[in-house]
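What follows is a short report on a single structure.
Read-outs: derived from the displayed coordinates by stated rules, not from any lab. Because the structure is a prediction, the values reported are computed rather than measured. Please note: Cβ atoms are built from the backbone with ideal geometry, for glycine as well, and neighbour counts cover all protein chains shown.
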Amino acid sequence: MKNILIVGVGGRTGTLFGEELKRANRVLGVAGRHTLPKIKEGKVFVERSGDLVRFEVETLDKEEIPKLENVDAIFLATKNPVSPILKEYLPLIKNAKYLVLSQNGFKAGEEALKTIKEVFGNIPQNLKIIRLVLFNAVKEIKDDSQIVISYKLPVRVAFGVFYGDEETDEFENALSNANIEYVKVRKNDVKNMEFSKLFTNLIGIPSYSLHLDIYEGLKNKEAFMEEVLALKEYIKVVKANKSRFLNFPHYPVKLFASLVEHIPVSVLVLFRNQIANLVLKLRGTKEKGNIDEIDYYTGAVVELARKLNIETHVNERVLRRIKNE
């Protein structure tokens, strides 16, 4: 691709995609007013499977964006919600072919579509909206002097076309040329992909609400039971929505969800130490990030459950704890 504009470099997801995609594509980065100076001053670093390098990417100030002749893809790598950022940047960009949304949860696509219509009056004819989920755990350590973003290789993602035709050869080439491993899901499975990724994101939130990190929480009997009960409620909501979970290479979410659904809590709790070790291995970190997006995680589950007339007492209790902190 000639130009890939990543909105949110300096943050965890934006830095990962900036570092990987620039190896085979031209990448331009937009960062927040506090992060941009750190990138320009060489104070942002990337640790890829233990190798530490300075994060270097061609950055743009907001006023420079309209001068770009062409933007092939916009990676929106900021946190939920997507609407305020899109309203800020979309008027500055013309003729983009792909809008890539990497936010967790299951609201970003609909929110983006509504916002694009508000900004342009209609959906640009050649625009595809891509929903992408990242499976790698990404850790951020920062202080006043520097930011370190760390993750393990290879980078693994799944994506699907949320809006537009399903031909994505150019986008797939951009990923494969950068050695990003990907799975493309069918258009009618995009929502199922979102529900599947959220299953993994919900793990650890009950523990966090009890002031425990994910590893401590999964090894604690009471916290573990709440983790499992919250997931059981979520599975019930997804099924009532006539949706389903998907398996991905290295991340068999459908299998995990089936085990959680059908095995009693009293049995699962006996294996909580082994489960804690497995989750920590897949997550790669004890950190539970993005709690500030709780309305798009547990909050979204509770909201959908209410629409479907399903009780989610455990998730509601977890949500109240986090909201009241």
Q: Among PRO252, LEU304, PRO264, pick out the residue whose Cα is farthest towards the positive end of the charge dipole of the chain, where Lys and Arg carry +1 and Asp and Glu carry -1 on C-beta, about the Cα centre.
A: PRO264
Q: Quick one: which residues, 5+ away or cross-chain, put their amide H under 5 Å from the amide H of THR312? H built at 1.01 Å from N.
A: none
(Q) Given contacts defined as C-alpha pairs under 8 Å and at least six residues apart, what's the relative contact order of the chain, whole-number percent? (A) 15
(Q) Which of VAL82, VAL30 has the fewest other C-beta atoms within 10 Å, and how do the rest follow up to the most? (A) VAL82, VAL30
Q: Take the alpha-carbon centre of the range 249-284, take the same for the range 203-242, and report the distance between them in whole Å.
A: 11
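Give, rounded to the nearest 20 debye, the magnitude of the charge dipole that the range 196-324 has about its Cα centre when Lys and Arg contribute +1 at Cβ and Asp and Glu contribute -1 at Cβ.
320
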**Q.** Long-range HN-HN contacts of PHE248 with modeled amide H, under 5 Å
**A.** VAL253, LYS254
Q) If amide H atoms are built 1.01 Å from N in the plane of the peptide, which residues on other chains or at least 5 residues away come under 5 Å of the amide H of GLY105? A) LEU198
Q: Let me know the Kirkwood hydrodynamic radius for the range 196-324, please, with Cα pairs as the basis and the value in Å to one decimal.
A: 14.7
Q | Exceeding the 32 Å Cα-Cα cut-off - candidates LYS139/LYS184; LYS38/LYS94; LYS114/LYS184; LYS142/LYS219; LYS139/LYS254; LYS281/LYS307 | A | LYS281/LYS307
Q.
For the pair LYS254/GLU181, report the inter-label distance in nm, with labels modelled 7 Å from Cα in the Cβ direction.
A. 1.9
(Q) How long are the semi-axes of the equivalent ellipsoid of the range 34-107, taking √(5λ) for every eigenvalue λ of the Cα gyration tensor, in whole Å from largest down? (A) 24, 18, 12
Q. So what are the three principal axis dimensions of the range 4-184 from its Cα atoms, in whole Å, longest to shortest?
A. 44, 35, 29
Q: Please report, to two decimal places, log10 I(q)/I(0) for the chain at q = 0.06, 0.08 Å⁻¹ as given by the Debye formula with identical point scatterers on the Cα atoms and no solvent.
A: -0.21, -0.37
Q: Name the residue farthest towards the positive end of the dipole of the range 4-184 from the options LEU153, SER83, VAL27, assuming +1 on Cβ of Lys and Arg, -1 on Cβ of Asp and Glu, about the Cα centre.
A: SER83
(Q) Applying a 10 Å radius around every beta-carbon, put 117-125, 39-47, 102-110 in order of their mean neighbour count, most first. (A) 102-110, 39-47, 117-125
